[in-house]
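Q: Just dropping this structure here.
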Amino acid sequence: MEIYYENNSNQKIKFDEFPIVIQKPETLFDASWSYLSESGNGRNVITGFYKEMSEKNFTLSIFADTKDEYDLVMNNLHRITEKDVLDKKPGRLFVNGYYLECYIVQKSFSDYEELFFSVEVKLNIVSENPFWIKKAEYYFDASKSLSTDNKKYNYKYAYRYANGMRNRFITNNYINGCNFELKIFGAALKPQIIIGGYEYLINDYLEDGEYLIVDSLKRTVIKVMNNGTIVNIFDSREKKKSVFQKIQPGRNIISWSGKFDFMITLYEERAEPEWH
């Protein structure tokens with residue numbers, strides 16, 4: 001089981017590797033739903049389920065070989081987790097490839113052994129969106145030159161997306177519709193993409209080098225211009241069909257004009273991480 005914390009600046013601290021060992025990691029899988037109900041005609045009926053802001057806690061055992069190593073571990077734990085609180089930007093707790101956006105808001109120390117440089121640390125975390133998320137990235141190239149290895153984006157972005165897709169489809173492996181981020185690269189006029197038979201259309205124009213982002217979770221549509229200016233183009237979305245419609249479970253065939261590149265990131269959201 002791989003468990004680590006990564007703050008909003010991508011600084012990482014592992015919770016499953018000496019000198020830090022997490023106790024009872026299975027408690028991180030604890031999950032619950034809140035529900036809405038109505039009463040009438042002598043019976044109670046559940047009308048819906050939802051997730052509230054949640055809190056979890058777990059304990060780390062820290063064993064160091066030297067005083068210097070102990071001090072380094074403890075200072076790193078503070079700096080990495082405290083930064084998110086001070087920045088008011090959540091970090092991510094990763095378990096088996098899934099992450100929970102959260103803040104570490106409290107640390108409690110016990111069983112300190114000065115001679116053995118060891119201590120127990122209880123961490124309390126709070127999450128505004130208490131879903132465990134796993135990303136799947138798909139890149140579609142207008143030139144149809146995707147290899148079976150990695151695809152490097154040829155504009156000014158130095159990212160490499162390892163998907164190796166030749167077929168024109170994406171797969172939502174979960175049992176429920178998932179949120180997504182759709183990034184379309186210019187030049188493009190009124191770009192339209194059909195995913196699983198559902199049309200996503202933006203009534204706007206992108207110059208070469210510009211791109212737009214549709215975020216279904218945040219329900220935003222923005223355009224990033226060549227000079228870096230970010231423009232809110234929410235009103236340019238197609239009104240007849242929501243561009244925030246979640247991607248349905250299973251295999252979804254992709255259709256588009258082939259005149260522009262685009263990328264889709266699926267966000268699988270679960271009440272608990274997948275068991276490995």
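The values are calculated or read from the model by the stated rules, or taken from the named source; none is laboratory data. None of these values were measured; they are calculated from a predicted model. So basically every Cβ, Gly included, is an ideal-geometry build from the backbone, and we count neighbours across all protein chains shown. For accessibility, only protein heavy atoms count, side chains too; no ligands or nucleic acids. Shrake-Rupley method; radii C 1.70, N 1.55, O 1.52, S 1.80 Å.
Q: For ALA31, which sequence-distant residues (separation of 5 or more, or a different chain) have an amide H within less than 5 Å of its own amide H, given hydrogens modelled in the peptide plane?
A: none
Q: Here's something else I'd like to know. As a test of the formula, what do you get for the chain when each DSSP H run with n ≥ 4 contributes -39,500 (n - 2.57) and the sum is divided by the residue count, at 222 nm and rounded to the nearest 500 deg cm²/dmol?
A: Theoretical 222 nm ellipticity from helices: -2500 deg cm²/dmol.
Q: So how tilted is helix 67-87 from the main axis of the chain? Cα-based, degrees 0 to 90, rounded to 10.
A: 40 degrees
Q: Hey, rough spin-label estimate for TRP33 and LYS240, points 7 angstrom out along Cα→Cβ, what's it come to in nanometres?
A: 3.5 nm
Q: So for the stretch 169-276, taking the charge dipole from beta-carbon charges (+1 Lys/Arg, -1 Asp/Glu), which of ALA271, ILE175, LEU201 sits furthest toward the positive end?
A: Positive-most Cα among the choices belongs to LEU201.
Q: Also, quick follow-up: Rounded to whole Å, give me the distance from the Cα center of the stretch 25-87 to that of the stretch 185-202.
A: 38 Å
Q: Another question about this same structure. Restricting attention to the alpha-carbon atoms of the stretch 1-100, what are Rg (one decimal) and Dmax (integer), both in Å?
A: 18.9, 69
Q: Report, in listed order, any pair from LYS89/LYS259; LYS88/LYS218; LYS12/LYS134; LYS89/LYS223; LYS89/LYS122 with a Cα-Cα distance greater than 28 Å. Present the calculation step by step, with values, prior to reporting the outcome.
A: On the way: LYS89/LYS259 37 Å; LYS88/LYS218 17 Å; LYS12/LYS134 18 Å; LYS89/LYS223 23 Å; LYS89/LYS122 22 Å.
Long pairs (Cα-Cα over 28 Å): LYS89/LYS259.
Q: Next question. Charges at C-beta only: +1 for Lys and Arg, -1 for Asp and Glu. How large is the resulting dipole of the chain about its Cα centre, in Debye rounded to 20?
A: The calculated dipole for the chain is roughly 1520 debye.
Q: Identify which of LYS134, LYS83, LYS239 has the largest mean-square fluctuation in a Gaussian network model of the chain, with springs joining Cα atoms closer than 10 Å.
A: LYS239
Q: When the convex hull of the C-alpha atoms of the chain is computed, what volume per residue in Å³ does it have? List each step's numbers first, then the result.
A: On the way: hull volume 52.1 nm³, N = 276.
Considering the Cα atoms of the chain, their hull volume per residue is 189 Å³.
Q: Sticking with this structure for a sec: In the chain, what percent of the accessible surface is made up of carbon and sulfur (1.4 Å probe, ligands and nucleic acids excluded)?
A: 47 percent
Q: If you don't mind, there's one more thing I want to ask. Loop only by DSSP, 12 or fewer other Cβ within 10 Å of the Cβ. Give me the GluC sites (Glu not before Pro) in the stretch 44-123 that pass, ordered by residue number. Can you show the working numbers first?
A: Values: sites: GLU52, GLU55, GLU69, GLU82, GLU101, GLU113, GLU114, GLU120; in loops: GLU52, GLU114.
Answer in residue order: GLU52, GLU114.
Q: Continuing with the same structure: Would you work out which of MET225, ILE247, GLN192 lies farthest towards the positive end of the dipole of the stretch 164-251, given +1 charges on the beta-carbon of Lys and Arg and -1 on that of Asp and Glu, about the Cα centre?
A: Value: ILE247.
Q: Okay, moving on. Using the basic label-point model (7 angstrom from Cα toward the beta carbon), what is the LYS218 to GLU52 distance in nanometres?
A: Calculated label separation equals 2.8 nm.
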